[in-house]
């Protein structure tokens, strides 16, 4: 093998290096350089694709490097190690250059893509519009939950009633002022729209007899012209507890417990004598204002107290009307209005809003 | 009612300051609404319950104060007056209806000088909001507020033959009352008449003709007890409410008739001069009696939890003027209630006390009434606060729990809950098709339940459908600039009973209404308008939340809904329960709606009673499902239900499911046609189906569909 050939081989290696360096020149800025100012993601991605081609051209089967590598076997034995080393070094250089550039681009593209895909996390979340329960329903459900946990059943019954259930059975005989037709709606057939949920007391006692505990939330009707504080239809909750040995102490305990659970343990209660035809003794229950704590404010009209509603021991005539012996059983009953309570809780200054169903109003309750 | 603190103290010398007294009275059941300063006096505004007319005077409130503070009530003292001659020499009294007027007393004062009242009297009256007129009129008013007995002064000279006849009004009789209004009376109304005509409306108001004037010299002072029901009826029918009627209709103290008259006459003589007759003509044909009420002391504890010693019970009740039966004779109250004591008095038994209520108390009938008196004056605040022992578990009505789930499902679909009045305008009669349950009723002419005395103009119908209220709510929202509205409501609907005289039918209904945009304005996603399927989906969610089998929807024609966009809704067992669709143009026009409004109403009573879906586990198949999609070009009138039913009818053994992938209508399809893509699922329980097998089954189904619906396969 002629001596000069070794030299030729060396030149071949140099030529291959030159060729690579020449082409790689445009990628040189990605080698170890962090100065990529002005580079766009699109350019970087194009460069990345070109690099893949470049790698194939310079390291693939048809590359100059591959040709040079094939020469190793043909080099004189004594030069072979040296030549092989040179080829090896060339390969290392080429691969290192490519990889370095690839890594730089990859990193740049990753950062740039992350930036491009950055979102405004403060835009509103995607969710279907959720509707809102009516404030009366919200309050009613809370009250039902409290009384169910106190051992009460939830009852309901008719809204159009006979005079018997609306009045007679409740110890409101004919001629009683509470029976005056100017306060009660009547159908043309002479039936009454129930003017209090106490009617459910009677139905429930007839159905279940004593002992029993129940509350009856529902609509009631009175002939009031609508204004800021009156509606001809409103919602009441009636409560009844009949058992052996029930006293007014239990009435006070039950309603106080209720108010504490609804408004908080700091709320005070007050019971004062009152009058209802269907209870004797009767009481009016007040609770300390939840807004001012009893000091006096607009919500409680300066008195520090808010009226919850009427209550008392079930009148013996009412018990007798449903065949419960008042000598064996005693019971308490109470009733209060939901609308006014809701009005106080939500600071409604006009309760007509409750039945206008303005979406802007309904949306405020949750 | 207004009570002057100074005036009150003349009757019961309370040691309590005005505001403290107000607080204590409130806790006794005399709710003081406000305390106002009035010069050197304070005025207490008391809101009395209807059972305590006895407290509609300073004397009445003084009795409560006296019992509270262990004081004695001092009756007002009058100066000695000149008296001469008997009343019978000047007048006569005849009661023609003793039921309506159990007692009537007349006394005459002659030679009075009508003039303005002295300052102290004017001041007293003005403090409690009363207007001064002249001395005699003011005195009757004064005694009314002092002792609770309404009085009336007639000009004796103006009474024909100076006679008093208490009788019912004659048919067509007219009377011009003091307020100058001529009133037409009916024959059930009680009047005070003279020999010729009615001169006063008994217990309500005097007549103009016999009114006191500056020329009056002799006055007849009337003091009487009238039947409460009679006075209430007269006042109500004539739309009058006076200081007198307010007291008579609740019940006055019939034993106070002469005492109040005496007080009045004495004041007239003192302030207007004149000489009184020695006596009054007191016609009292059937003396009234108070009931005897017994009290077992242990009942106080049984009902209130208060332990009150017998001696304390006696102290409270006698302090309030009750007479204990075996001690009646020892009762020494100056303003004694002897008049009302029954002749036969039982002797108190060992464990039982008996009391006669004072004549001014109209509210004491039974033992529990006495228990309340004892509890009131012991103090409700002394009653313990404890929860009763419970042997009963609380429970929701099963229907309430279902309703709660249903509401949550509908809320999740974006519907707000509405509540409307139960009465609606009769103008909507016949505009809406009622729920199937009321279909029979709606054929009758008298199907609506109507109010005889509605309070909102026009609102005379008890609603037979919730839609009227909901559409009104939609209109309200449109008028206030909200165009995206989704509302639902649950509530009773009414129809009259098939047979007359029976209670109307009541059912619960669920109604939904939706209109406007389907998405929130500020959220991502292209906005689109709400459509039929949004509403249908909400209803389906509601049924699913109530654990019902899927509802069925069939094309239907319904009066208030638009043809071609209407479905009848049925339970899985086929029972029809309601309708859904787009509001008909005529109805929408009536409400002036310019955008599409979708409504649905279903019978909630039926939904609540419907069979619940039962959950039974189905073993998971070990073999894979093979799916094949098919797109068919069919006439638009061919429904998905038609296609699916045809697939089911084919009963291909391993075809497990057929469902919709999508529908397409567009310009590139022939007019009147649409493309429906179905996905058919095939699976065997015992092996993996081979492609050739599936192809064979699938082709069978596709061929059937092609033939049956004249469908073209789209590729």
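Kindly establish whether residue B:203 is under 19 Å from residue B:141 (Cα atoms) and in a loop (DSSP other than H, G, I, E, B). Judged against the criteria, residue B:203 is a match. Checked against (1) surrounded by fewer than 23 Cβ atoms within 10 Å (Cβ to Cβ); (2) in contact with a strand residue (DSSP E or B) (Cβ under 9 Å, 6 or more places away or on another chain); (3) over 22 Å from residue B:566 (Cβ atoms), residue B:502 passes all but condition (2). Per the conditions (1) without any contact (Cβ under 8 Å) to a residue 24 or more places away in the chain; (2) surrounded by 20 or more Cβ atoms within 10 Å (Cβ to Cβ); (3) within 13 Å of another protein chain (Cβ to nearest Cβ), the sole criterion not satisfied by residue B:512 is (1). Would you say residue A:277 is closer than 30 Å to residue A:186 by Cβ and buried (at least 22 other Cβ atoms within 10 Å of the Cβ)? It is false that residue A:277 is closer than 30 Å to residue A:186 by Cβ and buried (at least 22 other Cβ atoms within 10 Å of the Cβ).
Conditions tested, residue by residue: (1) touching a helix residue (DSSP H, G or I) at 6+ places or on another chain (Cβ under 6 Å); (2) at pLDDT 95 or above.
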residue	(1), (2)
B:602	no, yes
B:609	no, no
B:619	no, no
B:623	no, no
B:650	yes, no
B:653	no, no
B:656	no, no
B:662	no, no
B:710	no, no
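Please verify whether residue A:352 is in the same structural domain as residue A:199 (by TED's automatic domain parsing), within 24 Å of residue A:213 (Cα to Cα), out of contact with any strand residue (DSSP E or B) (no Cβ under 7 Å at 6 or more places or on another chain) and surrounded by fewer than 19 Cβ atoms within 10 Å (Cβ to Cβ), treating the condition exactly as stated. Taking the combined requirement at face value, the residue does not satisfy it. Does the stretch B:435-445 contain at least one residue that is over 21 Å from residue B:568 (Cα atoms) and either in a loop (DSSP other than H, G, I, E, B) or in contact (Cβ under 8 Å) with a residue 24 or more places away in the chain (or both)? Yes - at least one qualifying residue is present in the stretch B:435-445. Could you go through the stretch A:269-282 and let me know if any residue there is assigned by TED's automatic domain parsing to the domain that holds residue A:237, free of Cβ contacts under 8 Å to residues at least 12 places away in the same chain and farther than 26 Å from residue A:195 by Cβ. Looking through the stretch A:269-282, none of the residues is assigned by TED's automatic domain parsing to the domain that holds residue A:237, free of Cβ contacts under 8 Å to residues at least 12 places away in the same chain and farther than 26 Å from residue A:195 by Cβ. Annotation: of all residues in the stretch B:179-193 being surrounded by fewer than 20 Cβ atoms within 10 Å (Cβ to Cβ) and touching a strand residue (DSSP E or B) at 6+ places or on another chain (Cβ under 8 Å), the one that is nearest to residue B:101 (Cα to Cα) is B:188. Look at (1) at the interface with another protein chain (Cβ under 10 Å from one of its Cβ atoms); (2) part of a helix (DSSP H, G or I) and you find that residue B:456 fails only one, number (2).
Applying the condition of being in a helix (DSSP H, G or I), free of Cβ contacts under 8 Å to residues at least 24 places away in the same chain and more than 16 Å from residue A:361 (Cα to Cα) to the stretch A:128-148 and asking which residue is farthest from the other protein chains (Cβ to nearest Cβ) yields A:145. The set of residues in the stretch A:310-323 that are touching a residue at least 60 places away in the same chain (Cβ under 8 Å) and either within 9 Å of chain B (Cβ to nearest Cβ) or not in a helix (DSSP H, G or I) (or both) comprises A:311, A:312, A:313, A:314, A:315, A:317, A:322, A:323. Please count how many residues of the stretch A:149-163 are more than 9 Å from chain B (Cβ to nearest Cβ) and either surrounded by 22 or more Cβ atoms within 10 Å (Cβ to Cβ) or at pLDDT 95 or above (or both). Result for the stretch A:149-163: 0. Hey, could you check the stretch A:324-348 for residues that are in a loop (DSSP other than H, G, I, E, B) and touching a helix residue (DSSP H, G or I) at 6+ places or on another chain (Cβ under 8 Å) and say which is nearest to the other protein chains (Cβ to nearest Cβ)? Per the criteria, the residue is A:326.
Looking at the stretch A:245-268 only, could you name the residues that are more than 10 Å from every other protein chain (Cβ to nearest Cβ) and assigned to a loop (DSSP other than H, G, I, E, B)?
So in the stretch A:245-268, the residues more than 10 Å from every other protein chain (Cβ to nearest Cβ) come out as A:258-268.
A:264, A:265, A:266, A:267, A:268, listed by residue number.
Say whether the condition of being in a helix (DSSP H, G or I), surrounded by fewer than 20 Cβ atoms within 10 Å (Cβ to Cβ) and more than 13 Å from every other protein chain (Cβ to nearest Cβ) is met by at least one residue in the stretch A:117-124.
Going through the stretch A:117-124, the residues in a helix (DSSP H, G or I) turn out to be none.
Looking for residues that are in a helix (DSSP H, G or I), surrounded by fewer than 20 Cβ atoms within 10 Å (Cβ to Cβ) and more than 13 Å from every other protein chain (Cβ to nearest Cβ), one finds none in the stretch A:117-124, hence no.
Of the helices (runs of 4 or more DSSP H) entirely within the stretch B:552-653, those holding at least 2 residues that are over 36 Å from the mean Cα position of the chain (by Cα) and more than 30 Å from residue B:517 (Cα to Cα) occupy B:640-650. Residues in the stretch A:213-230 that are in a loop (DSSP other than H, G, I, E, B) and farther than 20 Å from residue B:493 by Cα: A:224, A:225, A:226, A:228, A:229. Residue count for the stretch B:260-296 under the criterion of being surrounded by fewer than 19 Cβ atoms within 10 Å (Cβ to Cβ) and either within 14 Å of chain A (Cβ to nearest Cβ) or in a helix (DSSP H, G or I) (or both): the result is 3.
Which one is modelled with the highest pLDDT, of the residues in the stretch B:348-394 that are assigned to a strand (DSSP E or B) and out of contact with any helix residue (DSSP H, G or I) (no Cβ under 8 Å at 6 or more places or on another chain)? Looking at the filtered set, the residue picked out is B:352.
Here residue B:473 meets each of (1) within 22 Å of residue A:135 (Cβ to Cβ); (2) over 26 Å from the mean Cα position of the chain (by Cα); (3) surrounded by 15 or more Cβ atoms within 10 Å (Cβ to Cβ) with one exception, condition (2).
Counting only residues that are closer than 25 Å to residue B:606 by Cα and either at the interface with chain A (Cβ under 10 Å from one of its Cβ atoms) or in a loop (DSSP other than H, G, I, E, B) (or both), how many does the stretch B:473-499 have?
Selection size over the stretch B:473-499: 12.
Is it the case that the stretch A:210-217 has a residue that's under 38 Å from the mean Cα position of the chain (by Cα) and free of Cβ contacts under 8 Å to residues at least 40 places away in the same chain? Checked the stretch A:210-217: no residue is under 38 Å from the mean Cα position of the chain (by Cα) and free of Cβ contacts under 8 Å to residues at least 40 places away in the same chain.
The residues on offer are B:135, B:141, and the sole one that is over 35 Å from the mean Cα position of the chain (by Cα), buried (at least 20 other Cβ atoms within 10 Å of the Cβ) and within 25 Å of residue B:77 (Cβ to Cβ) is B:135.
The values are calculated or read from the model by the stated rules, or taken from the named source; none is laboratory data. Just so we're clear, the structure is a prediction, and the values are computed from it rather than from any experiment. Please note: Cβ atoms are built from the backbone with ideal geometry, for glycine as well, and neighbour counts cover all protein chains shown.
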